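The values are calculated or read from the model by the stated rules, or taken from the named source; none is laboratory data. It should be emphasised that the depicted structure is a prediction, and the values quoted were computed from it without experimental measurement. So basically every Cβ, Gly included, is an ideal-geometry build from the backbone, and we count neighbours across all protein chains shown.
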Amino acid sequence: MKLFRLALFLLIMTNAAAQDTFNLVVGTYTDKCRSEGIYVYEYNANTAEVKPKSVTKGVISPSFLAVSPDKKFIYSVNENGEKSTISSFKYNKANGKIDFINKKDSEGDSPCYIIADEKNVITANYGGGSLVVYHRRNDGGLTEAKQVVQHTGNSINKERQEKAHVHMVYFSPDKKYVFCNDLGTDKIYIYAYNPDGGSKTLTLKETIDAKPGSGPRHLVFNPNGIFFYVLHELDASLVAYSYINQKVEKIQETSLVMPGATGKNGGADIKFTRDGKYLYATNRGDANTISVFKVHSNGMIKMVQQLPTDGDSPRNLAIDPKDNHVLVGHQNSSSISIFKRNKTTGMLEDNCKRIDLCSPVCLVFTEAK
């Protein structure tokens with residue numbers, strides 16, 4: 001009986017440990033320093049302990065990543081100016097191994113964002129000012145582009161908004177629409193999404209005008225699907241919208257910039273906790289901060305904390321699957337800072353844990369089993 005109880009205890013403890021272990025997948029720039037491409041780490045969500053698991057080789061600047069819904073494939077942009085491509089990989093989450101399948105022309109230079117569902121992969125070309133849709137083959141590979149949507153226009157910032165700069169694509173919670181932020185035109189485009197639509201997979205439904213010169217960059221939906229929030233790169237403003245019965249209405253505008261602060265801003269990334277109670281956003285430029293916002297039931301938000309990220313250019317952030325820690329990747333100083341998170345207050349504490357990695361850009365968690 002004692003041996004049985006011991007075996008049962010060990011089994012329970014093993015399963016509990018497994019449930020706390022995840023993969024952290026990181027996309028990087030390979031032309032800035034010594035990076036081999038996509039890195040996979042074993043990550044413990046309770047302790048924030050990180051161990052290297054695998055790394056790709058010979059992949060050019062996989063700066064942004066998307067994992068397929070079944071977690072069997074990874075898709076990356078290969079940010080390389082006019083020679084940019086989009087790549088597909090087979091992903092073994094158990095050992096972290098990533099094997100190249102194929103790549104296709106990005107159909108526009110400097111792709112900077114990518115999303116995937118069961119049938120398609122959609123990218124945002126920053127330099128080319130376009131969205132591109134690729135069909136997923138049965139083996140996870142990509143077909144030639146089946147639709148290219150070209151944006152045109154500009155806005156008031158003559159240096160950064162001289163033409164369209166598509167910065168993000170994002171599925172609506174019901175997967176009926178694709179939201180698209182265009183930094184260059186100061187607009188948010190909403191496309192109706194038909195996954196089997198071929199050359200008409202995306203059809204424009206409406207556009208939302210952002211404040212001139214603000215430069216919409218990233219957006220995120222509250223897990224309840226009722227509100228979404230847009231972070232603007234050029235002025236670090238943060239705007240909340242309601243999304244009820246597919247109708248968009250602006251409800252609040254706030255900022256990552258503290259009163260009296262001076263210097264250059266660069267709003268970067270924005271993420272929600274899984275309970276929808278807190279929102280986190282990074283600001284680059286001279287600020288290099290992460291801000292914590294408490295989210296109220298009416299969609300309004302209030303900043304409750306702002307602290308330095310201890311690095312240069314906090315490009316991307318990720319909240320671990322247990323909501324215990326917030327990770328911030330620094331593109332210029334080549335490090336990932338890990339902050340301990342208070343689940344009750346949302347507040348962050350720098351526990352001084354760091355991952356040294358060349359030019360991290362995109363942080364994604366997946367299951368490890």
**Q.** Qualifying positions in region 30-85 - without any contact (Cβ under 8 Å) to a residue 60 or more places away in the chain, part of a loop (DSSP other than H, G, I, E, B) and in contact with a Cys (Cβ under 7 Å, 6 or more places away or on another chain)
**A.** GLU79
Q. Does GLY27 satisfy the condition of being surrounded by 22 or more Cβ atoms within 10 Å (Cβ to Cβ), within 28 Å of ILE338 (Cβ to Cβ) and at pLDDT 95 or above?
A. yes
Q. Only one of ASP350, ASP323 is on the phi < 0 side of the Ramachandran plot and either at pLDDT 95 or above or out of contact with any helix residue (DSSP H, G or I) (no Cβ under 9 Å at 6 or more places or on another chain) (or both); which?
A. ASP350
Q) Which one of these does THR152 not meet: (1) surrounded by fewer than 17 Cβ atoms within 10 Å (Cβ to Cβ); (2) of a type in the set (Val, Ile, Thr); (3) in contact with a strand residue (DSSP E or B) (Cβ under 7 Å, 6 or more places away or on another chain)? A) (3)
Q | Hey, ASN316 outside any strand (DSSP E or B), in contact with an Asp or Glu (Cβ under 6 Å, 6 or more places away or on another chain) and within 23 Å of LYS32 (Cα to Cα) or not | A | no
Q. Any residue in region 319-342 that is of a type in the set (Ser, Thr, Tyr), free of Cβ contacts under 8 Å to residues at least 40 places away in the same chain and not in a loop (DSSP other than H, G, I, E, B)?
A. yes
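Suppose we keep only residues that are touching a residue at least 12 places away in the same chain (Cβ under 8 Å) and more than 23 Å from the chain's Cα centre (by Cα) within region 148-179. Which one would you say is farthest from ASN224 (Cα to Cα)?
So the residue we want is GLU162.
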Q) Out of ALA281, ALA287, which single residue is buried (at least 21 other Cβ atoms within 10 Å of the Cβ) and outside any strand (DSSP E or B)? A) ALA287
Q | Candidates SER359, SER334, filtered to the one that is crowded, with 23+ Cβ neighbours inside 10 Å, at pLDDT 95 or above, touching a strand residue (DSSP E or B) at 6+ places or on another chain (Cβ under 8 Å) and among the polar types (S, T, N, Q) | A | SER359
Q | Filter result (among the aliphatic types (A, V, I, L, M) and out of contact with any Ser or Thr (no Cβ under 7 Å at 6 or more places or on another chain)) within region 347-369 | A | MET347, LEU348, LEU363, VAL364
**Q.** Residues satisfying the stated conditions in region 98-147, i.e. crowded, with 20+ Cβ neighbours inside 10 Å and without any contact (Cβ under 8 Å) to a residue 24 or more places away in the chain
**A.** none
